[in-house]
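First comes the structure, then the notes that go with it.
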Amino acid sequence: MTQTLNWKELGEETTQLLSELLKIDTTNPPGNERAAAEHLQKYFAQYGIECELLEKAPGRTNLIARLKGSRPGPTLMLLSHTDVVPATNPDQWRYGPFSGAVAEGYVWGRGALDMKSMTATEAVVFSLFQRLKLDFAGELLYVAVADEEMGGTYGAKFLAEEHPDKVKADFVLNEGGGMPLEIDGKTFYTVDTVEKGLWWARVTVKGTAGHGSVPHDDNPLVKSAKLIERIASYRFPKRVSPSVKAFFERVGEAFGEAGRQLAELLAAEGEKPSLEELKQMLQGTPLNPYLVNAFLRTTCSPTKIQAGLKENVIPDRCEFVLDFRYVPGYSREQIEEVLKTIADDLGVEVEIETLQHHKASESPMETDFYRIIEETIREELGAEAVPYLLTGATDSRFFREIGAVAYGFYPLSTKMSLAERAQLIHNDNERIDLESLELSVRVLTKVAMRTLQAAM
Ligand SMILES: [Zn+2]
């Protein structure tokens, strides 16, 4: 049915729109997403599609467009964010972070991967429903939000909390997955189904000030050092989410003996494998033991520390920040309990302040939407879908909280490896290959059409 569509041309249209979006500086902070929203509004207007612009603060614009089908059915949201992280070394870029240059087979600019490429692709997919006058069930929503990179206060969080009626959806397609993993001659495409929770805690340890020439037992730096060492090396209990279990069951075979062993250990009760065991087991495989460890349990990274003003003065306090990421089934309270127990044990008094917190979120794999993505991956890409856990966070969590099944899936070509792409995100010379833009518009059009049972 969609064979008549010229994917090459649609890929070029996506490339063009992406290039235009990359020229708009939406660095967050401060954001200034309005210019991007207005550009998308203009793009949609040429097809007679109306948009609604919503702001929590001036300039922090969120765009919503909606197409209604001819019969009842599910609501599918094509979600993206238009803000980008700062480009800290503009001189290091081959084409400039806001050039939107199309050169050497890539589109270059801050946001090319994260995530104006998906913003552009979804806009083309959305407009096709109107342009082709597709007959479909349910509703198709296009939502481009502000402020993802700073936590979503002016974007997804604002929409989900203050306009839930406007963003109510059964299924949400968002960033995160769609990375091709090539393992032992087989290709797997990741579908992000689960994200870890986050707790940034500021810990203050007090002590007694004094002269550096007369050391005593109440130096807050020494006490903090002990506490940091203990909490950072603490092994939190294993909690294997269904998605992680399924991931290793599916790719396990392709990893040979190590993969089988790993899948078995994950399925079993108990605390195995430890990080040390993972390091040994995964030697010589492309799997990163630190990442696998982060899939399985709550982790802690000390990220900031501050104490003292003068070389010869023992300070009276030390402050540090701990970045905890927790798996579904675990809670902030449980982590705090561990932290306090360790502090008690060391005889260190602590004050704990929450800087940021959000819960882990997960969508089940047993849905029609997952099955459709899986089938489309198989038919269009000749590859297998695998559910995936994101150690970081996306806006998906806000929509999961109001009842949507949200997956991260933006399929990319195999031109660049996962490691190469991961290295470019939030980094200099961010770029996306043209093949990925053509591939994604084709695959996501088919996913959307199947989900809404569309026919031409
Ligand atoms: Zn992003």
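Only the coordinates and a few stated rules stand behind these numbers; no lab work does. What you are looking at is a predicted structure, and each value in this text was computed from that prediction instead of being measured. Every residue, glycine among them, receives a Cβ derived from its backbone with ideal geometry; neighbour counts consider all protein chains shown.
A few comments on the model shown:
- In units of the compact-protein estimate 2.2 N^0.38 Å, region 283-366 shows a Cα radius of gyration of 1.46.
- For region 168-220 versus region 40-67, the gap between their alpha-carbon centres in whole angstrom: 33
- Cβ-based charge dipole, region 146-279, positive-most Cα from LEU173, THR190, VAL244: VAL244
- Pairwise Cα separations in region 60-120 fall into 10 Å bins from 0 onward with the following percentages, short to long: 19, 37, 23, 14, 6, 1.
- Between GLU264 and ALA57, residue separation times 0.36 nm minus the direct Cα-Cα distance comes to 69.5 nm.
- Here's the picture: a label point sits 7 Å out from the Cα of ILE305 along the beta-carbon direction, and within region 321-339 the residues with their amide nitrogen under 16 Å of it are 321-323.
- Using a simple spin-label model with pseudo-atoms 7 Å out from Cα toward Cβ, THR391 and HIS426 lie 1.1 nm apart.
- Length available on full extension from ASP165 to GLU253: 0.36 nm per residue minus the Cα-Cα distance, which gives 27.2 nm.
- Rounded tilt (10° steps) of 7-22 against the dominant C-alpha axis of the chain: 50
- Extending 7 Å from Cα along the Cβ direction at TYR47 and again at SER70 yields two label points whose distance is 1.8 nm.
- Degrees separating the helix 220-233 axis from the principal Cα axis of the chain, which is the longest one: 50
- Cα centroid separation - region 413-456 against region 357-386, whole Å: 15
- Along the chain, the exposed loop sites are GluC sites (Glu not before Pro) outside DSSP states H, G, I, E and B with at most 14 other Cβ atoms within 10 Å, and the longest stretch free of them is 105-268.
- Once the Cα gyration tensor of the chain is diagonalised, semi-axes √(5λ) in Å: 41, 27, 21
- Note on the chain: with charges restricted to the Cβ of Lys and Arg (+1) and Asp and Glu (-1), its dipole about the Cα centre is near 280 debye.
- Rough spin-label spacing in nm, given labels placed 7 Å along Cα→Cβ, for LEU132 and ARG235: 5.3
- Additional length obtainable on full extension of the chain from ASP217 to THR354, 0.36 nm per residue less Cα span: 46.5 nm
- Virtual paramagnetic centre 7 Å along Cα→Cβ of TRP7, amide N under 20 Å, in region 419-456: 432-456
- Neighbour-count ranking [beta-carbon atoms within 10 angstrom, fewest first] of TYR330, TYR189, TYR290: TYR290, TYR330, TYR189
- Distance from region 283-309 to region 98-138 (C-alpha centre basis), Å: 34
- Dipole axis of the chain (+1 Lys, Arg; -1 Asp, Glu on Cβ), positive-most option in GLY59, THR27, PRO302: GLY59
- Relative to the Cα centre, the charge distribution of region 197-358, modelled as +1 at Lys and Arg Cβ and -1 at Asp and Glu Cβ, gives a dipole magnitude of about 380 debye.
- Computed over all pairs of different Cα atoms, the Kirkwood value for the hydrodynamic radius of region 197-358 is 17.7 Å.
- 15 Å beta-carbon shell around TYR189, net charge (K/R +1, D/E -1): -1
- Antiparallel beta bridges, as assigned by DSSP with both residues in the chain, represent about 70 percent of the total such bridges.
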